[in-house]
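J.: Below is the structure I would like to discuss, written out as structure tokens.
Since every read-out is calculated from the coordinates, none of them should be taken as a lab result. This is a predicted model, so every value here is computed, not measured. Neighbour counts run over all protein chains shown; Cβ positions are idealised from the backbone, glycine included.
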Amino acid sequence: MLTELTGFHRDVLVVQTGAGIDLINAERRADITQVARASTPEVTIRRIDAILGCRTALETNVAPLLAMESLMISLGRP
């Protein structure tokens with residue numbers, strides 16, 4: 001799940017920056033474009049960092065519920 005979420009936000013960043021590379025989740029283009037328009041590249045990078053931080057926490061034996069709760073709070077911030 002976290003891998004897919006990272007890929008989604010990577011695609012959001014591609015749209016935001018006009019990188020001109022293929023989307024991983026091309027079938028979700030409408031959703032990706034909507035999220036890209038509603039935020040900035042800086043926010044997207046912060047979200048990707050939060051997802052990667054959650055993955056690291058889960059690999060280091062942090063309580064899964066606590067790691068996911070922290071991630072959801074981070075993703076909800078503008």
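J.: Evaluate the distance, in nm, between pseudo-label points positioned 7 Å from the Cα of residue 63 and of residue 45 along their respective Cα→Cβ axes.
T.: Modelled inter-label distance: 3.3 nm.
J.: Hey, if you put +1 on the Cβ of every Lys and Arg and -1 on every Asp and Glu Cβ in the stretch 2-76, which of 61, 16, 48 ends up farthest toward the positive end of that dipole?
T.: Looking along the dipole axis, the top candidate is 16.
J.: When the helix-only estimate is applied to the chain (DSSP H runs of n ≥ 4, each -39,500 (n - 2.57), divided by the residue count), what is the mean residue ellipticity at 222 nm, nearest 500 deg cm²/dmol?
T.: -24000 deg cm²/dmol
J.: Another one. Compute the signed sum of charges (Lys and Arg +1, Asp and Glu -1) over the other residues within less than 12 Å, Cβ to Cβ, of residue 76.
T.: +2
J.: Relative contact order for the stretch 2-76 using alpha-carbon pairs under 8 Å, separation at least 6, rounded to a whole percent?
T.: It rounds to 31 percent for the stretch 2-76.
J.: Please say if the stretch 2-76 is rounded, prolate or oblate, where rounded means a/c under 1.5 for a ≥ b ≥ c the square roots of the C-alpha gyration tensor eigenvalues, and otherwise the choice is prolate for a/b larger than b/c and oblate otherwise?
T.: prolate
J.: May I ask for the angle, rounded to the nearest 10°, between helix 64-76 and the longest principal axis of the chain, with both axes built from Cα atoms and the value confined to 0 to 90°?
T.: Tilt of helix 64-76: around 30 degrees.
J.: What dipole magnitude, in Debye to the nearest 20, does the stretch 2-76 give about its Cα centre under +1 on Lys/Arg Cβ and -1 on Asp/Glu Cβ?
T.: About 140 debye.
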